[in-house]
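Since every read-out is calculated from the coordinates, none of them should be taken as a lab result. These numbers come from a predicted model, not from an experiment.
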Amino acid sequence: MRASASFLIQSGTLKGLSGLRRGLVMDVNPEFTSHVDGAPAGTTYRYGQVDPQLGVNLRWGITQNLSMTGTVNPDFSQVEADVGQVTVNERFALFFPEKRPFFLKGSSNSIRPMR
């Protein structure tokens, strides 16, 4: 049926799917970052000690509608920086939207604060 515009109508029918169980739903994302400072020392560059950082993000699907998420030593280095703002009216506080993925998971980004 090459003339059909959809592959979905060409698919077969699944039968005999009963007694299915939901398996373990778990996401584990390990993270590794490091930091080292350096400074010029004459014609060379002198580096300090390397500071390794380990972290992990964990998501566990307890039920189909309930999941638990946790993090240890989160890495926010890939999160975009806040845009600089200049205020001329100091009666109202500046607003910086949340951009860290861990805190945005499952939320609606279409909700805007009232001004």
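Whole-Hz Karplus ³J(HN,Hα) for the stretch 10-22, in order, using 6.51 cos²θ - 1.76 cosθ + 1.60 and θ = phi - 60°, x for Gly and Pro?
8, 6, x, 10, 8, 10, x, 8, 9, x, 6, 10, 7
Quick one: which residues, 5 or more positions from residue 99 or on another chain, have an amide H under 5 Å from its amide H? H modelled 1.01 Å from N in the peptide plane, none for Pro or chain starts.
It is none; the list stays empty.
Let me have the relative contact order for the stretch 24-74, percent, based on Cα pairs under 8 Å that are six or more residues apart.
On the way: 86 pairs, mean separation 18.7, N = 51.
Relative contact order, the stretch 24-74: 37 percent.
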